[in-house]
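Okay, so here's the structure we're looking at.
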Amino acid sequence: MNDRTVTIERTFDAPIDLVWAAWTKPEHIANWWSPKGIKTKIIEHEFKVGGKWKFVMPMPNGTEFTAEGVYLEIVKNKKIVSKADFKPMTEGVEIQAIFKTNGDKTDFTFNVVHPTAEYRIQQEKMGILNGWGSVFNRLEDLLKSIK
């Protein structure tokens, strides 16, 4: 996309309605939006443009990792765009989840837009691709289990 964006693409073996539900229903988000072995606590989830979301992941060492943001754009079964902070590691990014029907599967594109190219490079060195990759593996497992 540009020099500030990290992009991850996947095809999920699930219909778009199911993938959309996994992204938008708190009971599903709690089961995939975190590293393996950790259950996400949904503190706030106001799924509308301008609505706030806040998810907390209790880490094995006792600390908490907080993901929070504001929904900027929501187009059902197509796109969710948020301003987001992932404290303490990443702040001031925009995340874009883009969904596209591919038969009975769903093509998925995830963009993380950083304020600067330098910040994107720093985030890549910290493991952003592995981190989100493992979370999307969990999403894939969840989709198989609820299909």
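The values are calculated or read from the model by the stated rules, or taken from the named source; none is laboratory data. All of these numbers come straight from a predicted model, not from anything done at the bench. With ideal geometry, Cβ positions are generated from the backbone for all residues, glycine too; neighbour counts draw on all protein chains shown.
For region 106-147, give me each residue that is in a helix (DSSP H, G or I) and of a type in the set (S, T, N, Q).
Correct list: GLN122, GLN123, ASN130, SER134, ASN137, SER145.
Considering each of ILE38, ILE95, ILE74 in turn, give the residue that is modelled with pLDDT of 95 or more and either under 20 Å from ASN137 (Cβ atoms) or touching an Asp or Glu at 6+ places or on another chain (Cβ under 7 Å) (or both). Even if it seems obvious, please write down each step before you answer.
Numbers: ILE38 fails: modelled with pLDDT of 95 or more; ILE74 fails: either under 20 Å from ASN137 (Cβ atoms) or touching an Asp or Glu at 6+ places or on another chain (Cβ under 7 Å) (or both).
ILE95 is the lone residue from the list that is modelled with pLDDT of 95 or more and either under 20 Å from ASN137 (Cβ atoms) or touching an Asp or Glu at 6+ places or on another chain (Cβ under 7 Å) (or both).
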All positions within region 41-59 that are under 22 Å from LEU142 (Cα atoms) and either of a type in the set (A, V, I, L, M) or without any contact (Cβ under 8 Å) to a residue 24 or more places away in the chain (or both): LYS41, ILE42, ILE43, HIS45, LYS54, VAL56, MET57, PRO58, MET59
So PRO26, is it within 20 Å of ILE74 (Cβ to Cβ) and either surrounded by fewer than 18 Cβ atoms within 10 Å (Cβ to Cβ) or in contact (Cβ under 8 Å) with a residue 60 or more places away in the chain (or both): yes
THR101 meets each of (1) of a type in the set (S, T, N, Q); (2) surrounded by fewer than 16 Cβ atoms within 10 Å (Cβ to Cβ); (3) at pLDDT 95 or above; (4) under 18 Å from VAL6 (Cβ atoms) with one exception, condition (4)
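With respect to ASN137, is the statement that it is closer than 15 Å to VAL6 by Cα and under 14 Å from the mean Cα position of the chain (by Cα) true? Full working, then the answer.
On the way: closer than 15 Å to VAL6 by Cα: no; under 14 Å from the mean Cα position of the chain (by Cα): yes.
No; evaluated as a whole, the condition is false for this residue.
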